[in-house]
């Protein structure tokens, strides 16, 4: 593996196997530059966060998830909206990944968010709530472009391909900006460690 290659992990905030947010994440994965190593990081096997199970007694699924989050240089999240906020599954994953605080896999990590919703706001409230979590966990989010996919049923084909040209363009821009931002952050770290 090229040590200079950027590694990006994708996390879908929905557990649904036919979720438009999962399809959106996979569309973004297809748009990753060839020199980027991409992997999807599932969250479905994580138990509910319980501080009694943290530390050395963390379940195997949690340890594997944390290791995968720590191993990537940047993260791409799809943020579904349930009841005006992010999903319980996604918040649970963020809670596990952020601990222990002194060794958080999210701390200082470049990240980008996007989301799809059948409603007219395209997960704007959920993404706003995610940004609140990102402040505490010290993730460095890409601010633009915002990818808020409304009425995705009309934008994806029956076999799950993102066909809407404007949405594909926005997702491509977000992917490129995440990769660019991740390189900037990694370069800055290398420069600081060399001093």
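The values are calculated or read from the model by the stated rules, or taken from the named source; none is laboratory data. Note that the structure is a prediction, hence the values are computed from the model and not measured. Note that we place each Cβ from the backbone using ideal geometry, even for glycine, and neighbour counts take in every protein chain shown.
Taking the condition surrounded by 15 or more Cβ atoms within 10 Å (Cβ to Cβ), outside any loop (DSSP other than H, G, I, E, B) and in contact (Cβ under 8 Å) with a residue 60 or more places away in the chain, does residue 114 pass?
It is true that residue 114 is surrounded by 15 or more Cβ atoms within 10 Å (Cβ to Cβ), outside any loop (DSSP other than H, G, I, E, B) and in contact (Cβ under 8 Å) with a residue 60 or more places away in the chain.
Does residue 74 satisfy the criteria of being within 17 Å of the chain's Cα centre (by Cα), surrounded by 13 or more Cβ atoms within 10 Å (Cβ to Cβ) and without any contact (Cβ under 8 Å) to a residue 24 or more places away in the chain?
On the way: within 17 Å of the chain's Cα centre (by Cα): yes; surrounded by 13 or more Cβ atoms within 10 Å (Cβ to Cβ): yes; without any contact (Cβ under 8 Å) to a residue 24 or more places away in the chain: no.
No: the conditions fail for residue 74.
Yes or no: residue 81 in contact with a strand residue (DSSP E or B) (Cβ under 7 Å, 6 or more places away or on another chain), without any contact (Cβ under 8 Å) to a residue 12 or more places away in the chain and farther than 23 Å from residue 54 by Cα? I'd like the intermediate steps shown before the answer.
Values: in contact with a strand residue (DSSP E or B) (Cβ under 7 Å, 6 or more places away or on another chain): yes; without any contact (Cβ under 8 Å) to a residue 12 or more places away in the chain: no; farther than 23 Å from residue 54 by Cα: yes.
Judged against the criteria, residue 81 is not a match.
Looking at the stretch 90-103 only, could you name the residues that are at pLDDT 95 or above and either buried (at least 20 other Cβ atoms within 10 Å of the Cβ) or assigned to a loop (DSSP other than H, G, I, E, B) (or both)?
Correct list: 90, 93, 94, 96, 97, 98.
From the list 46, 64, 23, which residue is over 15 Å from the mean Cα position of the chain (by Cα) and surrounded by 18 or more Cβ atoms within 10 Å (Cβ to Cβ)? I'd like the intermediate steps shown before the answer.
Values: 64 fails: surrounded by 18 or more Cβ atoms within 10 Å (Cβ to Cβ); 23 fails: over 15 Å from the mean Cα position of the chain (by Cα).
None of the others qualify; the one that does is 46.
Residue check, residue 115 against (1) at pLDDT 95 or above; (2) over 14 Å from the mean Cα position of the chain (by Cα), all met but one. Which one?
That leaves (2) as the condition not met.
I'm trying to understand the selection: among the residues of the stretch 141-195, which are farther than 17 Å from residue 123 by Cβ and in contact with a helix residue (DSSP H, G or I) (Cβ under 6 Å, 6 or more places away or on another chain)?
160, 175
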